[in-house]
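A short worksheet on the structure shown next.
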Amino acid sequence: MGRREVAHPPFFSRTALVFGLLTTLAAGVVLACSAIRSGRLYMLQSDGASFAAVARDPFGNAATLHQFGHGIDGTAYRFGRVLVPLLAWLLAAGQAAATTVTLPIVVAAGFGLSVAAAAELARRRGRPAALGLVVLAVPYTFAWVGTPHLVSDPVVTGMVLTTYLLHLDGRARATRVGTALTVLAREAAVLAFLPLAWHDVRRRGRVAVRDWLVTLLPYAIWCTWLHFRTGFFPFTDPAPARRDALTLPFVGIIRMYDRSSAPAGPTLVLVVACATIGAAWYLARRVRWFPVRDGALCLAALVLCYGTSVWGLWGEALRVMSTAQACLLVALVLGDRRGT
């Protein structure tokens, strides 16, 4: 008799997929309405212009980056976060003109993936899948609805949570693949996976060290290729946007708010940042849930190290905090309270 195949349950439940699809459609409607009302260029603020430029020719000579508009600095830095524009380019079958449509689709799908992954996490913990919508309850979501830009943050959030699902399913190789792809979307997201790597190294020793080094190989190869192309690695690009993005803890905040001209909305940003750190402190003391809780804490710790290029614009500060905040909310809502 033939070998009986084991039927595996679907990775995402139907309910989680429905929530994700509805969220994708809602985000797509917001982007479409913005394009009709204010024009497509309105969506190209923040990182939108660089993503749109890279999406047109992700393997080219960076000419599109310089032709797309003024104010885009740091060729290696902009090309370093290649995953979102690369997905748009692949979805457009390599047709540069079509990326004007596919890039918004990728961004909208990022919101949907975030909700679907959070809803699936909720379902597996015996909670209503609707609690997955908590990932949208971050300040940047409300700012984004009013001024929707083509940014990678929702994609990064969705990929982080999906990678956690892969780990909880015991899919070790897929977990490392998810990590590798997420790092290509944003290098700082590697912090979300440090607890996974450390746990694996403690369990398997040198073999795990090798596996996780291989996980970072795609990013290392991409950075090396960019160095030959542009003369810089993404993390050594002298552009102010890269150079002033991170600093020692608290230094960026002190430098920015010690200036005579404080950034727009300084009080709001400080309140949100303090609330984020406060939530992380509460999570560390009162909640346990590996790896979601541990990854959220690592991401939240980076908030203290943001530089002046982040704190200088309140919208940008809310944006870069959004992934950490979404993971914190998922852990707070769905995690186990200590002592219960």
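The values are calculated or read from the model by the stated rules, or taken from the named source; none is laboratory data. Keep in mind that this is a model prediction, so the values were computed, not measured. Because the Cβ atoms are built from the backbone with ideal geometry, glycine has one as well, and the counts that use them run over all protein chains shown. Side chains are part of the model used for accessible areas, which takes the heavy atoms of the whole protein and leaves out ligands, DNA and RNA. Shrake-Rupley method; radii C 1.70, N 1.55, O 1.52, S 1.80 Å.
Run the simple label-point estimate for Gln95 and Val201 please: 7 Å along Cα→C-beta, distance reported in nm.
Placing both labels 7 Å beyond Cα along the Cβ direction yields 4.7 nm.
Name the trypsin sites (Lys or Arg not before Pro) in the range 232-340 that are in a loop by DSSP and that have at most 13 other C-beta atoms within 10 Å, would you? Let's see the in-between values first.
On the way: sites: Arg242, Arg243, Arg255, Arg259, Arg285, Arg286, Arg288, Arg293, Arg319, Arg337, Arg338; in loops: Arg259, Arg338.
Answer by residue number: Arg259, Arg338.
Does the range 208-332 come out rounded, prolate or oblate, given a ≥ b ≥ c as the square roots of the eigenvalues of its C-alpha gyration tensor, rounded meaning a/c under 1.5 and, failing that, prolate meaning a/b above b/c? Provide the component values of the computation, followed by the final result.
Details: a/c = 2.71, a/b = 1.11, b/c = 2.44.
It comes out oblate by the Cα gyration axes.
Would you please give the FRET efficiency between Cys33 and Leu313, computed as 1/(1 + (r/R0)^6) with r the Cβ-Cβ distance and R0 = 22 Å, to the nearest 0.05?
Values: r = 24 Å, r/R0 = 1.08.
Efficiency at R0 = 22 Å is approximately 0.40.
Skipping prolines and chain starts, which residues have an amide H placed within reach, meaning under 5 Å, of the one on Leu246, given they are 5 or more residues away or on another chain?
When sequence neighbours closer than 5 places are left aside, the close amide H contacts are Gly307.
Give the distance, in whole Å, between the Cα centre of the range 188-230 and the Cα centre of the range 298-312.
Cα centres, the range 188-230 to the range 298-312: 22 Å.
If I ignore ligands, DNA and RNA and count only protein heavy atoms, how much of Cys33 is accessible to a 1.4 Å probe, in Å² to the nearest 10?
Accessible area of Cys33: about 60 Å².
Only helices at least 18 Å long along their axis, Cα-based, and averaging 0.0 or more on Kyte-Doolittle count here, so list those DSSP H runs from the chain. Intermediate values should be presented prior to the final figure.
Working: long enough: 14-38 (35 Å, 1.48); 99-124 (37 Å, 1.17); 153-168 (23 Å, 1.10); 172-185 (20 Å, 0.84); 217-230 (19 Å, 0.39); 266-286 (30 Å, 1.21); 314-334 (29 Å, 1.38).
Result, helices passing both filters: 14-38, 99-124, 153-168, 172-185, 217-230, 266-286, 314-334.
Using only the alpha carbons, work out the radius of gyration and Dmax of the chain in angstrom.
So, for the chain, Rg and Dmax equal 19.9, 80 Å respectively.
Out of Gly178, Ala116, Leu168, whose Cα points farthest toward the positive end of the dipole of the range 105-186 (charges: +1 Lys, Arg; -1 Asp, Glu; placed on Cβ)?
Leu168
Could you look at the chain and say what percent of its accessible area is carbon and sulfur, using a 1.4 Å probe and all protein chains?
On the way: 10710 of 16340 Å².
Whole-percent figure for carbon plus sulfur exposure: 66.
In percent, how large is the relative contact order of the range 186-271, given Cα pairs closer than 8 Å and 6 or more residues apart?
Numbers: 22 pairs, mean separation 8.1, N = 86.
It rounds to 9 percent for the range 186-271.
Would you mind working out the magnitude of the charge dipole of the range 67-221 relative to its Cα centre, with +1 at each Lys and Arg C-beta and -1 at each Asp and Glu C-beta, to the nearest 20 Debye? If you can, show how the numbers build up before the last one.
Working: 15 positive and 7 negative charges, 146 e Å.
The calculated dipole for the range 67-221 is roughly 700 debye.
Among Pro139, Pro154, Pro240, which one shows the highest mean-square fluctuation when the chain is modelled as a Gaussian network with alpha-carbon springs under 10 Å?
Pro240
How long are the semi-axes of the equivalent ellipsoid of the range 274-337, taking √(5λ) for every eigenvalue λ of the Cα gyration tensor, in whole Å from largest down?
Numbers: eigenvalues 106, 19, 16 Å².
Ellipsoid half-lengths, sorted descending, are 23, 10, 9 Å.
Determine one quarter of the surface area of the Cα convex hull of the range 88-201, which equals its mean projected area, and express it in nm² to one decimal. It would help to have the intermediate numbers written out before the result.
Working: hull surface 33.0 nm².
That works out to 8.2 nm².
Quick one: which residues, 5 or more positions from Asp336 or on another chain, have an amide H under 5 Å from its amide H? H modelled 1.01 Å from N in the peptide plane, none for Pro or chain starts.
Placed amide hydrogens put Arg288 under 5 Å from Asp336.
Tell me which trypsin sites (Lys or Arg not before Pro) from the range 66-153 have a DSSP coil assignment and no more than 10 other beta carbons within 10 Å of their own.
On the way: sites: Arg78, Arg81, Arg123, Arg124, Arg125; in loops: Arg81, Arg125.
Here no trypsin sites (Lys or Arg not before Pro) fit, given the DSSP loop and packing criteria.
Can you pull the one-decimal nm distance between simple spin-label points at Leu246 and Tyr42, each 7 Å off the Cα toward Cβ?
According to this spin-label approximation, the distance is 3.5 nm.
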